[in-house]
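To start, the structure under review is shown below, and the notes come after it.
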Amino acid sequence: MKKIVFTALIAFLGFNLQAQEATPTTTPEIKAAPNGVTAQTVYKEYIKAIGGEKKLKSIETAAIQGTVTIPGAPMIISTEMKIKVPNKEYMAMTAEGMGLLNKQVFDGEKGYVEQQGMKVDLTEEQIAPKKGKHTLFQELYAKSDEIALEGIVTEGDKELYKIKVLDEATKSYRFYNTKTHLLEKVEVEGGTANSIIAYSDYKEIDGILFPFKQDMVSGMQSINITFTSVVFNEGVTDEDFN
């Protein structure tokens, strides 16, 4: 459960996703995108929609807090995440009456996971996909050979651009609304199963649109995350990643 929550928290900001077991989904029909629309143009429209390249590149840190709701869980879970460009990461989860459940830290070169008082260093295999990646707003830095536009899918009354992320470590897809240009969801394949993370309730923070709700479905479990505080360029130091 803890790993699933972490995946949902970090997906929007560009952390490396780990596929989770989930119920297989039916692949919707894909139609061709209009002439001139590519994965790169979709990313550019998204960047423009949430604040613009200049604004996004001015963000060096993010401090995020939120609450996690899991159907049937008897406790209130709080989350705290800190990020520093290009790829330093900190995430902790605490439960009311139980204290720290899980902490994960990466300082750009090495990291660890702490759980129930036990600290385990990240392996080289876990570290490798993190190096050379940009944690915040990955669309700013995606190269043309790293993404591919598969076409347009229809979901309810929405049409979404489906972009495949060409990553050897995981197979994932990102879906952007053709009208608002906002990121609607991310799918990560794990064998014959998918994890699905949906994004909604975009709010403006210092000129940047950020999704304050993230809903994840994985197998028979659903997790709902509501962010209560998002602060850019404040409240984060290098010591947070030790």
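Where a number appears in this text, it was derived from the coordinates with a stated rule and is not lab data. Keep in mind that this is a model prediction, so the values were computed, not measured. Reconstructed Cβ throughout: ideal geometry from the backbone, glycine too, with neighbour counts over all protein chains shown.
Here are the numbers for this structure:
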{"read-out": "Candidates per GluC sites (Glu not before Pro) in the range 27-67, loop by DSSP, up to 12 other Cβ within 10 Å", "value": "29"}
{"read-out": "Amide proton proximity set for residue 101, modelled H, under 5 Å, gap of 5+", "value": "93, 94, 95"}
{"read-out": "Within straight-line cross-link reach of residue 162, lysines at Cα separation under 20 Å, skipping those fewer than 8 residues along the same chain", "value": "31, 44, 48, 143, 171, 179, 185"}
{"read-out": "Listed peptides 209-218, 178-187 by packing density, highest first (mean Cβ within 10 Å)", "value": "209-218, 178-187"}
{"read-out": "Karplus-derived HN-Hα couplings along the range 65-82 (A = 6.51, B = -1.76, C = 1.60, θ = phi - 60°), whole Hz, x at Gly and Pro", "value": "10, x, 10, 10, 10, 10, x, x, 6, x, 10, 9, 10, 10, 10, 9, 9, 10"}
{"read-out": "Karplus-derived 3J(HN,Hα), 6.51/-1.76/1.60, for each residue of the range 38-46, Hz, glycine and proline x", "value": "10, 4, 5, 5, 5, 4, 5, 5, 5"}
{"read-out": "Calculated Rg and Dmax of the chain using C-alpha coordinates, Å", "value": "17.5, 56"}
{"read-out": "Helix 2-11 axis, angle to the chain major axis (alpha carbon atoms, nearest 10°)", "value": "50 degrees"}
{"read-out": "For residue 167, distant residues with modelled amide H under 5 Å away", "value": "172"}
{"read-out": "Low-density loop positions, GluC sites (Glu not before Pro), the range 189-242 - DSSP coil, at most 16 other Cβ in 10 Å", "value": "234"}
{"read-out": "Cα pair count fraction exceeding 18 Å, expressed as % - the range 121-242", "value": "64 percent"}
{"read-out": "Estimated [θ] at 222 nm from DSSP helical runs (n ≥ 4, -39500 (n - 2.57)) normalised by residues in the chain, nearest 500", "value": "-3500 deg cm²/dmol"}
{"read-out": "Spin-label model distance (nm) - residue 29 vs residue 133, 7 Å beyond Cα toward Cβ", "value": "3.5 nm"}
